[in-house]
Amino acid sequence: MRRGLISRSLVELPDATLDARLARLRAAMAGLDAVLAYTNNTRPAAVSWLTGFVPYWSEAMLVVPRAGPTALVVALTFRVKPWIERTSRVGEVIHAPRIGIEAARLIAAGKGDATVGVVDFDGLGAGIAEDLREAGPRLSFADAGDLFAALRGAADPAEMMLAMRAAAIAERALAAMPAPEAGIGAVLGAVEGEARRLGAEEVYLAAAPDLARDTRLRRIEDAPVLGARFALRASVAYKGSWVRRVVTVDRDDAEGLARAEEAFAAAVARLPDAGGFVPFASYLVEGCRTAQPLEALMGSRVAVPRPPAAGAVVSVAATLTRHGSPILIGAPALIGAPGAAASLLRPGACGAQWPGAEVGSAQPSD
């Protein structure tokens, strides 16, 4: 369940932007009579891109007919209807405990043998898929993931601005961390508190408390002692836009962190060509294709890469070593047009600073 404020700004996400996205989807619905998109708090991206709706909890299904008003079928009580209408742009909000049954009924009422595309079909729960078939026995279902991914591959101006705002929140939140002597609890508390103060609807923090021992970023549920070099990752959501930022903290290697910044930026600039990451121990590029806000697109351990499209907003993370010591770094980026360099979505250096300390990350091997 989300904990931050979810609201809608007509300045940041105008009706015209959502209407244009819906029109593009309908124009691409060749052979389809309707499209369904599922949403919950872990797979909100497809529905939020089309409507602005982001759930705190529970689940919903967006029904997009080829023509006519859309409908959002929600497994929530009628009590939240005014909030949903304030924070989204849909034709009708329908409340039903079994959203698959109601969604199929809506489509079948217009055309009993309709062909229906389902965004992220493989990610749909088995129970919902069974309900769709029960209520629409003559409906034909097909995966619409590739269709949807092609439509939203390149960020429009509104998506770009939301991503930049999320990136700025992550950067400023990490810059607010106290000195490591305060302890891991104080560090994480300060970062999360600042992110929420700046308007993040959600922030997930992970840490590698001592990079000399373990480079894995994990949720901290105990109170480990921070090592001389440690890393933090902030995954920040702002009005449906998610980005990740990773920093490595080391008081005694300012030169290494500066070199890491340069190496990382140079490697990112070559994306979607992964050749710039050859000197890195590992790398990962995440972005949104359908329902997951941050899906692994390409990287050292991605078996089937899906290189991001020109104009896509992605989050990139990498690991390098310096004198045998690992350094982690990550930041959101914009993939350039064909032949143009990709660019990081954050101003200034790759790290936050406080007196006597340096924050940065990845590093070319010496």
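The values are calculated or read from the model by the stated rules, or taken from the named source; none is laboratory data. Owing to the predicted nature of the structure, the values given are computational and were not obtained by experimental measurement. Note: ideal-geometry Cβ built from the backbone for every residue, glycine included; neighbour counts use all protein chains shown.
When the residues of region 45-71 are filtered to those that are polar (S, T, N, Q) and in a loop (DSSP other than H, G, I, E, B), the one that is nearest to Glu130 (Cα to Cα) is Ser58. Annotation note: Cβ proximity below 8 Å between a residue of region 218-235 that is among the β-branched types (Val, Ile, Thr) and a residue that is part of a loop (DSSP other than H, G, I, E, B) (sequence gap 6+ or interchain) occurs for Ile220/Pro209; Val225/Pro209; Val225/Asp210.
For (1) of a type outside the set (Lys, Arg); (2) at pLDDT 95 or above; (3) more than 24 Å from Ala104 (Cβ to Cβ), each residue gets a yes or a no:
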position	(1), (2), (3)
Arg2	no, no, yes
Leu22	yes, yes, no
Ala34	yes, yes, no
Thr42	yes, no, no
Pro69	yes, yes, no
Val74	yes, yes, no
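Pairing residues of region 34-49 that are free of Cβ contacts under 8 Å to residues at least 60 places away in the same chain and farther than 21 Å from Ala296 by Cβ with residues that are basic (Lys, Arg) and surrounded by fewer than 24 Cβ atoms within 10 Å (Cβ to Cβ), at Cβ distances under 6 Å and at least 6 apart in sequence or on separate chains, gives no pairs at all.
Of the residues making up region 223-268, those that are part of a helix (DSSP H, G or I) and surrounded by fewer than 19 Cβ atoms within 10 Å (Cβ to Cβ) are Ala254, Glu255, Ala258, Glu262, Ala266. Scanning region 72-111 for residues that are under 27 Å from the mean Cα position of the chain (by Cα), in contact (Cβ under 8 Å) with a residue 24 or more places away in the chain and part of a helix (DSSP H, G or I) yields a total of 6. Once region 18-47 is narrowed to residues that are buried (at least 24 other Cβ atoms within 10 Å of the Cβ) and among the hydroxyl-bearing types (Ser, Thr, Tyr), the residue that is farthest from Thr115 (Cα to Cα) is Thr39.
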